[in-house]
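Read the structure below first, then the notes.
The values are calculated or read from the model by the stated rules, or taken from the named source; none is laboratory data. None of these values were measured; they are calculated from a predicted model. Every residue, glycine among them, receives a Cβ derived from its backbone with ideal geometry; neighbour counts consider all protein chains shown. In case anyone asks, the SASA skips ligands and DNA or RNA and just uses the protein heavy atoms, side chains included. Shrake-Rupley method; radii C 1.70, N 1.55, O 1.52, S 1.80 Å.
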Amino acid sequence: VTAPLDAILAAVDGDRLWRRLEALARFGATPGGGVTRLALSAEEIAARRFLIDLARARGLAAFSDAAGNLFLRLEGARPDRPCVLTGSHVDSQPRGGRFDGAFGVMAGLEVLEAFLDAGATPPVAIEVVAWMNEEASRFAPGMMGSKAFVGEWDLPAMRSVADGAGVTVGEALDALDAAEPDVPKRPLRRPVACFVEAHIEQGPLLERCATPVGVVTGIQGTRRYRVTVSGAAGHAGTVPPGDRRDAMMAAARMIARIDAAAARVDGMMATCGMLRLELGAPSVIPAEAFFSIDIRHPQDAAVEEMDRAIEQAAAAAAGPCEIRIDRIARAPTLEFPEAMRRRIAEAAARAGEPATDIFSAAGHDARHLNAWCPTGMIFIPCRDGISHAETEWCDPADVLSGARVLAATLASAAWDPPGGSAP
Ligand code: GLV
Ligand code: MN
Ligand code: MN
């Protein structure tokens, strides 16, 4: 039996999907046209309720798990078989874009609705997931839900992570449970036939080659750090030069050395996106500087070289201060399995959508699912390659193209599931 692909593709409704994206963007909307929808915030919990209501209105089941992942399920002919999984995340960066993550979740839901509209019951269930805390903008490191789902991070340790206000993931998850008493729980580490994540590219390549769909080949490696520089508070005008232990000045020296080291490596991405000072007053010598480092490069050896450069930068920059480096996340460069890439490329061809291979410079939950089940990703272009910014935008035609390729890929996976599944 083959999938009724023509009927499914004809039922993928670009206008409905676009309206849903607009509706989702109202949760945490910012004046600049983006969203601030931090993980497990009131805004995200309201967005999840919107998804649950939409799904239930179409007869889809909603459930979650102990890590706060939300699943919307279209039942298959064989409910006992591992499901085909798609989705992404609905949390955002502060003043982030309305498509990052949201596109993958809403495109997944659109595909489920297209299956329903086409009267196509898949042989196995298809589920759309919204992973908990992909972005790490409230609780760090991110991709918590997907890491917990595959067993890469145990729940008690994850629950103990606190945000800047001292609220722990555990407390935030308990608040989520209180807000979703009607959503039944399923276990973590469930078998899954395969995972396909649709996402905006967040870079300029697809737009430059005017191609609506990217078949993602892999994801570049990352290391993430938190650095604490400790000095001593004092009067800006009275502490003599030789006695000053200025944490900000030491941080500045260290960051300048990181910048110089990164400039020596072709393709190195080094970002210090967060810096907090204690006390943070103009006439007080900062007693502490706390900042983030984000290192990314397609070659793991280059990332490791930067790791050593960061260590050396701290030693050279500390002066009278102390510098502590916490390595909070590390992920090697990965390649998605050839069979999944081929399946997506064939789906694009079946849907009549031009597609090209593309390597992901951004991180995604698909990284962690890749260790659990056959995994692949579909990209669509975004305007000027801008993401993690309120100006992030997509062309509705590309949104539809991506959803059509996702529909064809999920149909292929449901009617002809990949062999491998997790134990
Ligand atoms: C994910 O949001 C990333 O920072 O790559
Ligand atoms: Mn994302
Ligand atoms: Mn993001």
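For the reader, a short list of remarks on this structure follows.
- Candidates 227, 399, 284, ranked by Gaussian network fluctuation over the chain, Cα under 10 Å, top entry: 284
- Rg/Rg_globular for the range 249-321, with Rg_globular taken as 2.2 N^0.38 Å and Rg from C-alpha atoms: 1.20
- Rough spin-label spacing in nm, given labels placed 7 Å along Cα→Cβ, for residue 185 and residue 56: 1.9 nm
- Residue with peak Gaussian network fluctuation, the chain [Cα springs, cutoff 10 Å], from 273, 28, 97: 273
- For the range 153-206, the equivalent ellipsoid derived from the alpha-carbon gyration tensor has semi-axes of 27, 20, 13 Å in decreasing order.
- Shape of the range 1-152, Cα gyration tensor, a/c cut at 1.5: oblate
- Nearest 10 degrees, 0 to 90: helix 247-263 Cα axis against the chain principal axis: 50 degrees
- Between 0 and 90 degrees, the angle of helix 169-179 with respect to the longest Cα principal axis of the chain falls at about 40 degrees.
- Efficiency of FRET from Cβ geometry, residue 271 and residue 244, R₀ 35 Å, rounded to 0.05: 0.80
- For the range 98-157: rounded, prolate or oblate by the Cα gyration tensor [a/c cutoff 1.5]: oblate
- Selected from 277, 400, 85 as most flexible by GNM, with the chain as the system and alpha-carbon contacts under 10 Å: 277
- Measuring with a 1.4 angstrom probe and ignoring ligands and nucleic acids, residue 15 comes out at about 110 Å² accessible.
- Computed over the Cα atoms of the chain, pair by distinct pair, the Kirkwood hydrodynamic radius stands at 22.4 angstrom.
- Angle of helix 42-57 to the longest C-alpha principal axis of the chain, folded into 0 to 90 degrees and rounded to 10: 10°.
- Stretched out straight at 0.36 nm per residue, the stretch from residue 10 to residue 252 would grow longer than its current Cα-Cα span by 81.5 nm.
- Percent of beta bridges antiparallel (DSSP, the range 66-194, rounded to nearest 5): 45 percent
- Theoretical ellipticity at 222 nm over the chain - DSSP helices of four or more residues, -39500 (n - 2.57) apiece, nearest 500: -11000 deg cm²/dmol
- Bins of 10 Å, starting at 0 and running to the largest distance - Cα pair percent for the range 164-287: 8, 20, 22, 24, 18, 7, 1
- Annotation: per residue accessible area for the range 108-221 equals 32 Å², rounded to a whole number [probe 1.4 Å, protein chains only].
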